[in-house]
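**Q** Have a look at this one.
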Amino acid sequence: MSASLNPSALARLLGQWHPGAAPAYRELADVVRLLVLDGRVALDTALPSERALSEVLGVSRTTVTAAYALLREEGFLSSGQGSRGRTRIPRLSPMGSAFPASPASGTPGRPAATPGHEATELGFVPPGLAAPGLAAPDGLIDLAYASLPASGEVVHRAFAAALTELPALLPGFGYDAIGLLPLREAVAARYTAAGAPTTAEQILVTSGAQHALNIIIRALAGRQDRVLVEHPSYPNALDAIRAAGCRTIPVAFTSMHDAGAGRGPGAEGSAGGLPAPAWDMQALRAAMMQQRPKMAYVVPDFHNPTGQLMPDRQRRQLVRIAADAGSVLVVDETLRALNLDGAVTTPVAAFSPAVVTIGSLSKSHWAGLRTGWIRASEPMIQRFAAARSSLDLGGPVMEQLAAAHLVRALDEPLPARLGALRDSRAALLELLAGHLPEWQTERPAGGLSVWCRLPAPVSTALTVIAPDFGIRLAAGPRFGVGGAFERYLRVPFTLPPEQLETAVLALRSAQDRLHAAPQLRRTLKPAPAVAIA
């Protein structure tokens, strides 16, 4: 069963869509097209019938018919029988930029007849954007990764202590599918202190968060099973879901930017005037109840890539929605410790024992540790341990010993790291506002990156030419399903301010090159494979 959109839901997404500057049918088609390109209407979604939508919008059926016809002509709507066409991405150029925007108005233009690839299935990834890839060559500033260097002395000290503890474990076999008890106890104590009482038996240690997600998918979802995700979402999670043969069900963030509301320097909580996206609980409930996914993967704590933080009220709602749909709620808390503004929220696991939580030291301490965990009920942990046996037989012992020390003293390196991240966040936002004022950005409450809305759908084009200017990027479509987010780019603030300045100036130069030679969008080859973190 594929998704469908009722007329009231589409009307809510359309907002104030008809300012009167163009024929009504063209304005309607333009806004629907932007909703698809921005990932706010998922691919393979059936739009409302012409009659139903015309009644809700208060326009003639002829207007809706003409708008749908234009969308079909441009390739954004299937041309099957009847009026309930399904959304799709048209044949794109290698840059994915079939509809360059007008610099003055931002209104999409007409499609370019360029060879490319057709995104007709959920899970499509434009060629050249698939992960994983290799580290950036020397001399390139790497903005594809949102990761920090190691917390130096703290990590070194933890491994030195682990080395002294290792001899006591050498008489054993060294295999442990659940994980070393001292580390599980330390992780459980952190959850208990945060308001989610946890025992060591509720923790399974993994080789990082990605490993944890692969174990969970293997245990809970089979081929063709549905997995709900936020849209945009973490690229490696999307890759894991696709690799398992599951069907991704994307649910978009809400945003007011299409209506232009809240813009300007005085917009609360934003930089560049873009109001904060939010979890659309109505859309989440509709998708969960309609699709009945086996599991839902969400990142409520400083969401990657947007940096948004879900309030407790919505966390409670999300738990109830998942329970009503019979879906397992999988919560990724990898970025929870990177709380830059001191916001107070409750772990989602505190609201239900059925929640499955993923944690890791990769973002807070060092990605090279490759130590993560799953928190769940004891029966679920046993289920995950059984599923793990076909992947590996346990994690490295030394890393677990060191991780136990780091978890017990988790707060030690954080104040300095968070202070440096706040400085870099402020520097990046100031640089973007000064050198790329047409980019819409929002000040994230935490995490490691800024999610930028570009003035035109050129994210992949920028990614392709970026190495010529000394930087490496991750294109917006890597964070979405079906080629969405060509108008978006994730820019990490994990580098020191002086490197961020060099990177932003390079972004400005790359954008200027595209503006000066728009034909590049049609002639450049796809970008090389890029690893995302």
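**Q** Could you tell me which residue of the stretch 430-444 is farthest from Phe302 (Cα to Cα), considering only residues that are acidic (Asp, Glu) and in a loop (DSSP other than H, G, I, E, B)?
**A** Narrowing the stretch 430-444 to residues acidic (Asp, Glu): 430, 438, 442.
Cutting the leftovers down to in a loop (DSSP other than H, G, I, E, B) gives us 438, 442.
Values: Glu438: 24, Glu442: 13 Å.
By that ranking, first place goes to Glu438.
**Q** What do you reckon, is Leu410 of a type outside the set (S, T, N, Q) and touching a helix residue (DSSP H, G or I) at 6+ places or on another chain (Cβ under 6 Å)?
**A** Details: of a type outside the set (S, T, N, Q): yes; touching a helix residue (DSSP H, G or I) at 6+ places or on another chain (Cβ under 6 Å): no.
When the stated conditions are applied, Leu410 does not pass them.
**Q** Got a sec? Which of Ala323, Ala354 is over 21 Å from the mean Cα position of the chain (by Cα), without any contact (Cβ under 8 Å) to a residue 60 or more places away in the chain and part of a loop (DSSP other than H, G, I, E, B)?
**A** Details: Ala323 fails: part of a loop (DSSP other than H, G, I, E, B).
Checking each option against the conditions leaves just Ala354.
**Q** Do you know which residues across the stretch 33-64 are at pLDDT below 85 and in a helix (DSSP H, G or I)?
**A** Arg33, Leu34, Leu35, Val36, Leu37 - these are the residues of the stretch 33-64 that are at pLDDT below 85 and in a helix (DSSP H, G or I).
**Q** Hey, another quick one. Applying the selection to the stretch 445-473, what residues are in a loop (DSSP other than H, G, I, E, B) and more than 23 Å from Ala278 (Cα to Cα)?
**A** First, the residues of the stretch 445-473 that are in a loop (DSSP other than H, G, I, E, B): 445, 447-448, 454-458, 470, 473.
If the condition is that a residue be in a loop (DSSP other than H, G, I, E, B) and more than 23 Å from Ala278 (Cα to Cα), then Val458, Gly470, Leu473 are the ones that fit.
**Q** A further question follows. Given the conditions (1) surrounded by 21 or more Cβ atoms within 10 Å (Cβ to Cβ); (2) out of contact with any Phe, Trp or Tyr (no Cβ under 6 Å at 6 or more places or on another chain), which single one is not true for Pro415?
**A** Looking at each condition in turn, Pro415 falls short on (1).
**Q** (1) basic (Lys, Arg); (2) surrounded by fewer than 24 Cβ atoms within 10 Å (Cβ to Cβ); (3) modelled with pLDDT of 90 or more: which one isn't true of Arg375, the others all being true?
**A** Going through (1) basic (Lys, Arg); (2) surrounded by fewer than 24 Cβ atoms within 10 Å (Cβ to Cβ); (3) modelled with pLDDT of 90 or more one by one, Arg375 breaks only (2).
**Q** With in a helix (DSSP H, G or I), within 26 Å of Arg190 (Cα to Cα), in the same structural domain as Ile249 (by TED's automatic domain parsing) and modelled with pLDDT under 95 as the only criterion, which of Gly307, Gly368 stands out? Lay out the reasoning, then the answer.
**A** Numbers: Gly307 fails: in a helix (DSSP H, G or I).
Answer to the selection: Gly368.
**Q** Turning to a different aspect of this structure: With the structure loaded, tell me whether Ala503 is under 23 Å from Ser362 (Cβ atoms), in contact (Cβ under 8 Å) with a residue 60 or more places away in the chain, among the hydrophobic types (A, V, I, L, M, F, W, C) and not in a strand (DSSP E or B) or whether it fails that test. Break it down stepwise before answering.
**A** Numbers: under 23 Å from Ser362 (Cβ atoms): yes; in contact (Cβ under 8 Å) with a residue 60 or more places away in the chain: yes; among the hydrophobic types (A, V, I, L, M, F, W, C): yes; not in a strand (DSSP E or B): yes.
In short, yes.
**Q** Give me the pairs: first residue in the stretch 193-214 and within 15 Å of Leu410 (Cβ to Cβ), second residue modelled with pLDDT under 95 and surrounded by fewer than 24 Cβ atoms within 10 Å (Cβ to Cβ), beta-carbon distance under 6 Å, and six or more apart or on different chains, which are they?
**A** Between residues of the stretch 193-214 that are within 15 Å of Leu410 (Cβ to Cβ) and residues that are modelled with pLDDT under 95 and surrounded by fewer than 24 Cβ atoms within 10 Å (Cβ to Cβ), there is no close pair.
**Q** Before we move on, is Ala188 outside any strand (DSSP E or B), in the same structural domain as Thr357 (by TED's automatic domain parsing), surrounded by 23 or more Cβ atoms within 10 Å (Cβ to Cβ) and of a type in the set (Gly, Ala, Ser)?
**A** Numbers: outside any strand (DSSP E or B): yes; in the same structural domain as Thr357 (by TED's automatic domain parsing): yes; surrounded by 23 or more Cβ atoms within 10 Å (Cβ to Cβ): no; of a type in the set (Gly, Ala, Ser): yes.
Against the criterion (outside any strand (DSSP E or B), in the same structural domain as Thr357 (by TED's automatic domain parsing), surrounded by 23 or more Cβ atoms within 10 Å (Cβ to Cβ) and of a type in the set (Gly, Ala, Ser)), Ala188 does not qualify.
The values are calculated or read from the model by the stated rules, or taken from the named source; none is laboratory data. In this text, all values refer to a predicted model and were calculated from it rather than measured experimentally. Heads up, the Cβs are rebuilt from the backbone with ideal geometry, glycines too, and the neighbour counts pull from every protein chain shown.
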